[in-house]
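The values are calculated or read from the model by the stated rules, or taken from the named source; none is laboratory data. Since this is a predicted model, take the numbers as computed values, not measurements. Cβ coordinates were reconstructed from backbone atoms using ideal geometry, including for glycine residues, and neighbour counts include every protein chain displayed. SASA here: full protein model, heavy atoms, side chains in, ligands and nucleic acids out. Shrake-Rupley method; radii C 1.70, N 1.55, O 1.52, S 1.80 Å.
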Amino acid sequence: MENINEWLALATTLKLATLTTIILLIIGTPLAWYLSKLTTRFKVFIEAIVALPLVLPPTVLGFYLLILFSPTSGPGKFIHDLTGASLAFSFTGILIGSVIYSLPFVVQPLQKAFEQLGDSLDEAGAMLSAGPFDRFFNITFPMTKASFITAASLGFAHTVGEFGVVLMIGGNIPGETRVLSIALFDQVEAMNYSTAHWLAGSLLIGSILMLALIYLLNFKSEKSIKIRSM
């Protein structure tokens, strides 16, 4: 990467992906747990809302979030009046957008893992007077650790590759909202293909390594389960 702006884009991307992943694990874990235990007819509607970013064009989501973040109306105006800061075209704005856009990539693997784990171990812990947090950190989490790593990896990787949502909400501000995918677009548009190759290659290699890590962890998890069941 030949330009300081590209290094800034890398730093912004890693910062955005890291914070998004942390926030998603904090809010996605209880949501996935709740959905895994929910049995009412409203479950499908909640699941549909969570999964909406999978099928909704990123620019559509970005457009409506940009309207909500506007300092002249809605929640954006409330935040602006309260703090003097604007969510639109800010790092905070793209962070909120990234959390919403990557939500299903964290919630769905965790929900599936909780559903497969079942209630028997949790109920056994409750019978031994273990509290909810004790049961989660000593029973549920160790049994679903591979799914947590998968969810975190998918959330991180998906955030790194974001383009439409970030561009719509944050624009292209170096050091603030300009991420690697936008930097790549700028270099291609300027026909600076040497730098574009560096950026595209970095994203490609990073994606391959991330997927390889996920498949390796899943393979080890399945192997250990087979050994314990023998």
| Summing -39500 (n - 2.57) over the DSSP H runs of n ≥ 4 in the chain and dividing by its residue number, what mean residue ellipticity at 222 nm do you reach, to the nearest 500 deg cm²/dmol? | -25500 deg cm²/dmol
| message | If you count only protein heavy atoms with a 1.4 Å probe, what accessible area per residue comes out for the chain, rounded to a whole Å²? | response | 57
| task | May I ask for the angle, rounded to the nearest 10°, between helix 43-55 and the longest principal axis of the chain, with both axes built from Cα atoms and the value confined to 0 to 90°? | result | 30
| task | Give the carbon-plus-sulfur fraction of the accessible surface of the range 121-176 in %, rounded to a whole number; probe 1.4 Å, heavy atoms of protein chains only. | result | 69
| task | Calculate, for Ser207 and Lys37, the FRET efficiency according to 1/(1 + (r/R0)^6) with r their C-beta to C-beta distance and R0 41 Å; round to the nearest 0.05. | result | 0.75
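What number, in percent, do you get for the relative contact order of the range 1-116 if the mean sequence gap of Cα pairs under 8 Å and at least 6 apart is divided by its residue count?
Once normalised by length, the contact order is 37 percent.
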| note | The answer for trypsin sites (Lys or Arg not before Pro) in the range 23-60 that fall in a DSSP coil and have at most 16 neighbouring Cβ atoms within 10 Å is Arg41
| request: Please give the solvent-accessible surface of Met191 in Å², to the nearest 10, using a probe radius of 1.4 Å with every protein chain present. | output: 140
| task | Measure nothing but the geometry: give the 0 to 90° angle between the long axis through the Cα atoms of 4-37 and the longest principal axis through the Cα atoms of the chain, rounded to 10°. | result | 30
| message | Between Asn3 and Phe163, what's the calculated FRET efficiency when r is the beta-carbon distance and R0 is 25 Å? Round to 0.05. | response | 0.85
| message | Once you keep just the Cα pairs under 8 angstrom separated by 6 or more residues, what percentage relative contact order results for the chain? | response | 30
| field | Karplus-derived 3J(HN,Hα), 6.51/-1.76/1.60, for each residue of the range 128-143, Hz, glycine and proline x | value | 8, 6, 7, x, x, 5, 4, 5, 5, 7, 10, 10, 5, 4, x, 6
| request: Give the calculated FRET efficiency between Glu47 and Thr18 to the nearest 0.05, with a Förster radius of 41 Å applied to their Cβ-Cβ distance. | output: 0.90
| query | Which distance in nm do the two modelled labels at Leu128 and Leu56 give, with both placed 7 Å along the Cα-to-Cβ direction? | reply | 4.3
